[in-house]
Amino acid sequence: MSRAPKLTIVSLIILLSAVAPVPAATVYHTSIQTSYNQFWAYDTDTDAWTRLNDFQTGSTLAVDSSGNVFAYSGNRNAIMQYDRANDTWNHYLNAPTITGYADYGLVNLEVTNSGRFLLTGYGTTNLYYTDGGAWSTVALGFQGNATGDYDPTTGQYALTPFAGTSPKLIDTETFTVTNFSIAGSGGEWRRDSVILDGHYYVQVSNYPVDVWDLSDPSAAPGTAGSVPSGMIWSALAADRENGYIYAAALATNGFYRYDGDSWIALANVGASLIHHSTIAFVPDALTVPEPSSLALAGLGAFGTALVALRRRRRK
């Protein structure tokens, strides 16, 4: 009968040292304004920002279910993927051309749980989507904007049209559009939005953050907390595990977190990147490599416990 390898103190130390530490959840930040190209990362553990290599885009950032970060690059007509290990952006997929609006793209990019890209924006009334790498289009009947979000936990996908004041809920398989009948605050157009727990959050100018219940298209929107001074036209991203929403203001370097009751000021974004923000939240659990099967064979029951420990989210 063969035996499992004997686990010594030395081998245990070697195996544990080979397991990378769990990285903190990260908020990535850049601008949909194409004259700004700074790219930043916020560490949720340390409340600190780090400037990364510059990247120019005209779209919102998108995150897939594996924690990969994407953006639409108008000057390359491509979907670009961020390489977190090497701090570089690489060509991922050719993309249609969306004209953009003046100095900023006003383009929204999302990626579904099935890996389908969804692309909308100013200058087109089409929704562009991928199947097997090829792009198709469906007419939406309204002009797009940067404002939109896809929630991987529910599969809900919502957009706010250019110059529109209420969302459209779109089925990502049939592309059926559900209209919300009661307008939100203010006029003009939004910059970003987020879905959390079946509710759609969006802000315009210095108005409150409007909140629509996506299960009730006829209901009037509520509001999320009291908006801090200077938090306007905010970019939004959700930490869906903990129920937080992060917000980066358009015209200041203010950065905030909403806990369901109030907005809390966090460390400011880099002072020179303060226009037309877009942010993306990447959970720590999506970036943790599993120990190898060979290592776990040597660890036996301890290996099983180690995997369970590593899969638990840090508090």
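Exactly one residue among D43, D83, D47 is modelled with pLDDT of 95 or more, surrounded by fewer than 21 Cβ atoms within 10 Å (Cβ to Cβ) and at positive phi, and that residue is D47. Here I232 clears all of (1) of a type in the set (V, I, T); (2) closer than 20 Å to K168 by Cβ; (3) not in a strand (DSSP E or B) except the condition numbered (2).
Given the criteria in contact with a Gly (Cβ under 8 Å, 6 or more places away or on another chain) and modelled with pLDDT under 80, does P5 qualify?
In short, yes.
Taken across region 281-296, residues that are closer than 26 Å to H199 by Cα, crowded, with 22+ Cβ neighbours inside 10 Å, among the hydrophobic types (A, V, I, L, M, F, W, C) and at pLDDT 95 or above do occur, with at least one present.
Looking only at residues of region 175-189 that are surrounded by 15 or more Cβ atoms within 10 Å (Cβ to Cβ) and within 13 Å of A163 (Cα to Cα), we find that the one that is modelled with the lowest pLDDT is W189. If you go through region 190-204 and keep only what is part of a loop (DSSP other than H, G, I, E, B) and open to solvent by 30 Å² or more (accessible area, probe 1.4 Å), you end up with just D197.
Modelled with pLDDT under 90, surrounded by 11 or more Cβ atoms within 10 Å (Cβ to Cβ), under 27 Å from T97 (Cβ atoms) and touching a strand residue (DSSP E or B) at 6+ places or on another chain (Cβ under 8 Å): is that true of Q33 in this structure? Taking the combined requirement at face value, the residue satisfies it. Summed over region 126-143, residues that are in a loop (DSSP other than H, G, I, E, B), out of contact with any Phe, Trp or Tyr (no Cβ under 6 Å at 6 or more places or on another chain) and closer than 19 Å to G100 by Cα total 3.
Residues are listed down the side, and each one gets a yes or a no for (1) free of Cβ contacts under 8 Å to residues at least 40 places away in the same chain; (2) of a type outside the set (G, A, S); (3) open to solvent by less than 20 Å² (accessible area, probe 1.4 Å); (4) over 10 Å from T120 (Cα atoms):
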residue	(1), (2), (3), (4)
T154	no, yes, no, yes
T160	no, yes, yes, yes
A163	yes, no, no, yes
K168	yes, yes, no, yes
D171	yes, yes, no, yes
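The values are calculated or read from the model by the stated rules, or taken from the named source; none is laboratory data. Given the structure is predicted, the values throughout are model-derived calculations rather than measurements. Every residue, glycine as well, gets a Cβ built from its backbone with ideal geometry; the counts of neighbours run over all protein chains shown. We work out accessible area using only protein heavy atoms, side chains counted, and drop any ligands, DNA or RNA first. Shrake-Rupley method; radii C 1.70, N 1.55, O 1.52, S 1.80 Å.
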